[in-house]
């Protein structure tokens, strides 16, 4: 399926493939971590069901009917044959049903994709001042922005880089085509962090709930199309896909009431093939869930950051037990405790990053506390939303209230900065072929475009530099966590994708991390934790998440006497990532199929041996001291649009 009202498939796109720069990671078996083979003899009976959930229900009932209608002696024979099939037979190769990595595989790979923002109203040649929704009337507006242009230029066939225009369907389709050609078979799972609908930036084309629901479903179907179903299980994708909810995936944007609600019901329907069955109820209640992408070893936790987001007026952060944000944090701790006991690792993923200016204060403090207390379990914090490529720190000082410079920029300064929209940067847009107009400053919905969307970029960078500069010479690694923010598919700058590599082998010398050895708890404290978790789960089963009406202050963090050790480089640990980008100006000029090329690699271009906290802290200190490195970091932050000089302050 291709997005768009009329979507002729261009044969030339596939016949004239451009060989991309070699993929910087070893190929891994994309099916290696999939579910065990199951019997699907009744699949054909359910193939006409209209939804994934109905098909699952149909298949289950079909099997039940088959069992009840089959003579007992035949069932007995089937059971005997089933048992014999699973018995090891000497000298005969058995089907590989384990989840242990192949000896030839040293590391695996996964894709992080975020902020696609497809726009059905996008018009190639549409003026940027109209969000690329209105055709030009002047014959000389050909999409190339020359000196002195104040109208903002026009969008190209595949989008308008460095603009407020959303993604045309042509770019969305081309992105999935490239993934299909280049990543299928090379990645083990997908982290997909939301925003699958356009922004509400055009008063002449206001968003509707149906439009948002349709776009969410269309993007879900694109994932299903290229990752298709496992040949052994027609109700499972070939690899796990883990979506999370973006602030533009809901109507109205930013707003989500406590669940269950219509939005969560709709998303649970269209994501039914992505959400594990045992997590379905949890998602319908709160929009969050966990997916064991490598059974018994790695989980990806998809958070619903709307319940933490300070622009969601329907909730009140994490101030009381009855708030959905508090319930989600409680659930998260239960999940992480369970993973710690099972010696698993987890990636925390979501849309809005856990920044002080984006989360409610109570949720930000709670998230930071959890991030630091479960460093032995959490191996990555992966988010989107910001559109700029960067990393920031969560620290002990934030939790204890001793944070200084990095958090003291006044909100008024942020607001003043937000009004400028990079007005002073137009002189640099000749390299991108697109520009913004000052008139757009008045047209943009300020509530929608927060500081992350470039409107307050200078102030945000000032805060980021202060954070980097504030790292002491001798650091305690247990006092820091690192949040990695991936840039977007939408060409706020240029379109991007990110591919992570992670460790598959287990270092014997590391030894298993136990609850006691990791956090220094006594047996009594461990038993208390287990009892607390049991009580929570019991209450959840009986009351569908207990709600208390009494307000309370943000929880005072309970830090263990001996903080958890920073995890060793063990199974599931992120080693590096490769950032891909599309030179959209070049692509629009030539009207060629967009090709993602390597922008940079953390190992080669940053010199990071792995993605551990220690190496990120070291890089942050180098960035503020080395002007050349800072320039490179900023160039990649704005995805090579040539606008970084405006932010070197």
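What the table below lists for this structure:
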read-out	value
Gain on full stretching of the segment that runs from residue 313 to residue 204 - 0.36 nm per residue minus C-alpha separation	36.7 nm
Amide N proximity, segment 467-487 versus residue 625 label position 7 Å along Cα-to-Cβ, cut-off under 17 Å	467-476
Packing rank of 256-265, 285-294, where each peptide gets the mean count of other beta carbons within 10 Å, highest leading	285-294, 256-265
Contour minus Cα-Cα distance for residue 591 and residue 278 (0.36 nm per residue)	108.1 nm
Fewest-first ranking of 606, 359, using other Cβ atoms within 10 Å as the exposure measure	606, 359
Burial ordering of 268, 167, fewest other beta-carbon atoms within 10 Å first	268, 167
Potential extension, residue 1-residue 106 segment - 0.36 nm per residue separation minus Cα distance	34.3 nm
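Here, each number is a calculation from the coordinates, and none is a lab measurement. As the structure is a prediction and not an experimental result, all values here were calculated from the model. No Cβ is skipped: glycine too gets one built from the backbone with ideal geometry, and neighbour counts run over all protein chains shown.
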